[in-house]
Every structure is written in structure tokens, then in C-alpha cells.
Amino acid sequence: MVTTHNLGFPRIGAKRELKFALESYWKGHASCEDLQRTGAGLRAKHWHDQAALDLVPVGDYSLYDQVLDMSFTLGNLPARVRGFHGDALDNYFRVARGRSAAGAEDHGACCGGVAASEMTKWFDTNYHYIVPEFEAGTQFKLDASRLLAQLAEAKAQGVKVKPVIIGPMTYLALGKAKDGSDKLALLPRLLPVYTELLAAFGAAGAEWVQLDEPILVTELDAAWHEAFSAAYQSFGSSPVKLLLATYFGQLQDNLPLVAALPVQGVHIDAINARHEVEALIQTSPAERIISLGVVNGRNIWKADLEATLDWLEPIAKTLGARLWLAPSCSLLHVPVDLDSEHRLDAEISSWLAFAVQKLGEVTVLATALGQGRDAVAPELAANRAAIASRLASARVNNPAVKETVAAITPELGRRQSPFAVRVAKQAALLKLPLYPTTTIGSFPQTKEIRLARSAFKAGTITEAAYTQAMRAEIEHSVREQEALGLDVLVHGEAERNDMVEYFGEQLEGYAFSQAG
């Protein structure tokens, strides 16, 4: 039998419940208890959505960011927030946002008004994480309360659990040494805390723990290779089995390192690193679990299940029960559930798979490998039709676009006149001063604009009335700029509902979900 699991699930909620709960809490309209109640409801719903899997992630839910969660778990807080004597959750948000929910003024005389931590992109995704901060003297102290509470919560609901945490090497690599010190020098202090955490998971009844080490898809020098080996050797007596998870790319020069690490399982991104799967199998210990990320966790398209099975079936014969299947990475990067969308065109909708549907694809693949393709014949037929539909659709194949692209020549990319000629023509036409003044372009979406848009969407005002309201807002913006004496005026973009969606709506080839 093939084991199915997931690396992580979107936490925002199908209707963006977490977003709205956070905003309400930060504004002071909801209590800490209200926020935590929303979180508990989302976790229960998401575990239920993953119930068909053999192992479900626990610890992937976060109120703000999984890296920030790990910093609090490891007791690694920036010095500027360690003296906070208010609520622990407020301190969490102070690190992320620079202020607590109640406001810095409540602690202005002692510990309020701190700077937010740096935020940067999580590898090559558009997700942003809170950068851990280190100094030469940084100490670590375990606080496993959040993880153990969620683990107990899941087990009480009958969930087949697999705790998920960021591995020690990725945590160090993603952080920043504020004093320029060597981050690897902190590893001897960090590893005992991880060892303690793994022991706590074992005591709580976990069999497997997923250690996310996506840093393994980047270039690592010899010092980091040695540190990786030392770190995982130190977990040799762990009471839980370790699944080392890599994703977002290929292992390349790190493949021999991964093959040699003393872990019971390895997850590899088989979307981006399919050609490395055979080498990993060949160089891994005979008893090691090999988890393959065979469904793309970073796009919204259905997988080609039959083509995936053509590739997977020989591997399944080789690995047998040692084969696990999952999405390529956490599903954090995709929408939650296609069933929440009721207004998408039926043809387009037939091509899509959001988080819930991607897990369904993993289950279909596992069933086909375990019981044969006949066991999932209807699912495979529907998938085959969807793949063929997208390939042949006029929405995808536009002859006019193909003709235009075919007609592109290098000459089209060359200016017809030099800058000196162009700038003289521009000056004569525009008659601008030497240093013209202007503004960036978009003005705030005021309460009046939002009310008019809501009324138009609800059908309580006509399109003509809505257009008139937007023109009035545009005229107001222009007149204000004239009064201020600006040289280049903008119309303020009052009619723009969203900085991306509005422009996409004017173009062919775009579709928009109702759930944002």
C-alpha cells in the first residue's frame, strides 16, 4: 500500500476567515479568545478536509508566519521585545508588525513602540516570512506549548497526525546575524532544543515528524554540508521517525548529502526534481521511506494523472510500501477549495485544482497504484477529458496571438529615432517645466467609493449611477491636483477595485475567483 500525506495546508480559510479575524483582533473589535476560537475552527475544518490521507500535518497552521512561530518555539526573540510584560500573543504580533493589538501606547513608558522584524520572500514564492535575528550570544529555550496543544487537539479529533516543523539548518540559513557573527556557531546551542522538541513529540504519541529543509535546494558550501551531517547525526536517538522534506527545486550537489543523512524518510519535489528521484532511491538505505511530491503545490491546474501514473508505476513496484505520495510542497501557496467558487466559467473550472482537489488527486494516484487503474477509472476518465479540454480550448489557443508572435522581428525592438530627437519632440508637445511634479497614480479608495461599488455589485444602483459616482470622484482628484499646482495630473483610479484584478478584467485570457 502507498502512504498518502500532505506537507501543509492553506491556513487562511476558504472564505478568508483568518484574514478577517486577524484584522478584527488588531482593530480591537475581537478578543484573543475570539481569534483563537476562529483558529480552532479552521484547524478542525482543514483536518477534516484532509481526512482521506494516511498522515495529516499538524503545526502548519499559523496566525501569521511559520518561521516566526519557530522563533517563538525556540525561544529566539529579538532583544527589543524580550521585556514585554503584556499578553504573549501581543508580543508575537509586535515582532511581526511593530506593535501589539492593544497598541504601543499601552506600553509606551516601558516596552512599546518597537520596530517590526524584517520580512522577505520564502525562497522563490510570493509568501513572505519574518526573518529570525541572531547574535553571537543568542541562546535558545524550548516552548513547545503551541505545537503540543495542536497535536493533542488533532488527536482528540481522531486525526492521523504528523507534526511539521522547520528544520534547524533551514532555520539558521534563513536568519540574519545582526552583529555579523557566524550563524553556524549557534548550531551546538540550537540542536539540544530540537532534540528536546523531538522527544516531546515522541512523548505525545507522534510516530513521524516532518523536518522541512528546503535550504537543500540551494547551493551549500562544505561547512554547511558538515553541519548538516552533524546536526542529523545528533538526532540518532530520537524517539520519533524523521521525514526530511525538501521542495522548491533540485538537490543537485546536495543529493549525496541527503542520501547519507540518518533519517527514516526523505521527501523530494518530483515536479522540479523528477530526474533526481531514481538517484535518490538508488543511494538511499534499503529501508528508507521515499516520499514523492507528484502533484504541483504551487499552481492551480489539474495534474495529468495518467501521465503521472505512467512514470510512477515502475517506481511503486520497486519501492512497495516504502513509497509515500504527497503534493510537491505545502499547499500554502494555492487557494483552498474549488467548490467555494460558483461563478467561474464551467470550462475553466474543469481545468482547476485547489488545495482540497490536489489532495484528491494524490488519493486517486495512490489508489491506482495500490488497486490498479480500474479502481479509479471514472476519476481518470474525467481527468483525461479535462486535460484534453484545456489543450484544445480556444481560450488557450488563439490564432491571432500566434500570428502576431510569429511576425515579431528584431527590428520591432529598435528605436526609430535617437533620444535627442525624441526628447525634443516630447518637450514641444508636453511643455513641462524642467522638474515636473506629479504623484504616483492611485488615490485612496474612500468610504464613498467602496459604498458605491458595493451598491453596484448588489444591484441597488444602476451602472449609469455607478459610472457617474466614479466620474465625480475622478473630477475631485483632478481638481485637487490642479489646486496644488501639480504639472502632470492623474485621475486617481477611483474605478479600480484592485490593483491587479481591474486591469485583468479589461484583458482576454484572465479569469477571477469570487473568493479573492
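Give the residues of region 140-167 that are assigned to a helix (DSSP H, G or I) and under 21 Å from the mean Cα position of the chain (by Cα), sorted by residue number. Step through it out loud before you land on a result.
Step one: filter region 140-167 for residues assigned to a helix (DSSP H, G or I), giving 145-156.
Of everything in region 140-167, those that are assigned to a helix (DSSP H, G or I) and under 21 Å from the mean Cα position of the chain (by Cα) turn out to be ARG146, LEU147, GLN150.
Given the condition assigned to a helix (DSSP H, G or I), within 18 Å of GLY297 (Cα to Cα) and open to solvent by 30 Å² or more (accessible area, probe 1.4 Å), answer yes or no: does some residue in region 35-50 qualify? Quick ask: steps written out before the conclusion?
Within region 35-50, the subset assigned to a helix (DSSP H, G or I) is 35-49.
Remaining after also requiring within 18 Å of GLY297 (Cα to Cα): 46-47, 49.
If we keep only those that are open to solvent by 30 Å² or more (accessible area, probe 1.4 Å) too, we end up with 49.
Yes: region 35-50 contains one or more residues that are assigned to a helix (DSSP H, G or I), within 18 Å of GLY297 (Cα to Cα) and open to solvent by 30 Å² or more (accessible area, probe 1.4 Å).
Just to check your reading of the model, which residue among ALA173, ALA136 is open to solvent by 20 Å² or more (accessible area, probe 1.4 Å), among the small types (Gly, Ala, Ser), within 25 Å of LEU292 (Cβ to Cβ) and out of contact with any His (no Cβ under 8 Å at 6 or more places or on another chain)? Outline the logic, then answer.
Numbers: ALA136 fails: within 25 Å of LEU292 (Cβ to Cβ).
When all the criteria are applied, what remains is ALA173.
Please go through (1) open to solvent by less than 20 Å² (accessible area, probe 1.4 Å); (2) modelled with pLDDT of 95 or more; (3) of a type in the set (Phe, Trp, Tyr) for PHE93 and return the number of the only condition it doesn't satisfy.
PHE93 satisfies every listed condition except (2).
What helices (runs of 4 or more DSSP H) completely inside region 444-511 contain at least 1 residues that are small (Gly, Ala, Ser) and loosely packed, with under 11 Cβ neighbours inside 10 Å? Write out each step before concluding.
Values: elements: 447-458, 463-484, 501-505.
Output list reads 447-458, 463-484.
The rows are residues; the columns are (1) in contact (Cβ under 8 Å) with a residue 24 or more places away in the chain; (2) surrounded by fewer than 16 Cβ atoms within 10 Å (Cβ to Cβ); (3) among the β-branched types (Val, Ile, Thr).
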| site | (1), (2), (3) |
| --- | --- |
| PRO314 | no, yes, no |
| LYS317 | no, yes, no |
| VAL334 | yes, no, yes |
| PHE354 | yes, no, no |
| THR363 | yes, no, yes |
| ALA368 | yes, no, no |
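Among the residues of region 55-98, write down those that are farther than 21 Å from VAL164 by Cα, part of a loop (DSSP other than H, G, I, E, B) and of a type in the set (Gly, Ala, Ser).
GLY83, GLY86, GLY98
(1) open to solvent by 20 Å² or more (accessible area, probe 1.4 Å); (2) assigned to a helix (DSSP H, G or I); (3) among the aliphatic types (A, V, I, L, M): which one isn't true of LEU344, the others all being true?
All conditions pass for LEU344, except number (2).
Output the residues belonging to region 395-437 that are open to solvent by 70 Å² or more (accessible area, probe 1.4 Å) and under 30 Å from LEU484 (Cα atoms).
LYS425, GLN426, LEU429, LEU430, LYS431, LEU432, LEU434, TYR435, listed by residue number.
Return yes or no: is TRP208 touching a Gly at 6+ places or on another chain (Cβ under 8 Å) and not aliphatic (A, V, I, L, M)? Show your work before the answer.
Numbers: touching a Gly at 6+ places or on another chain (Cβ under 8 Å): yes; not aliphatic (A, V, I, L, M): yes.
Taking the combined requirement at face value, the residue satisfies it.
Name, by its number, the condition in (1) within 30 Å of LEU211 (Cα to Cα); (2) assigned to a helix (DSSP H, G or I); (3) in contact (Cβ under 8 Å) with a residue 12 or more places away in the chain; (4) open to solvent by 30 Å² or more (accessible area, probe 1.4 Å) that does not hold for ASP339.
ASP339 satisfies every listed condition except (1).
The values are calculated or read from the model by the stated rules, or taken from the named source; none is laboratory data. For clarity, every value in this text was computed on a predicted model and none was experimentally measured. Heads up, the Cβs are rebuilt from the backbone with ideal geometry, glycines too, and the neighbour counts pull from every protein chain shown. To get the accessible areas, we keep the full protein, side chains included, count just its heavy atoms, and leave off ligands, DNA and RNA. Shrake-Rupley method; radii C 1.70, N 1.55, O 1.52, S 1.80 Å.
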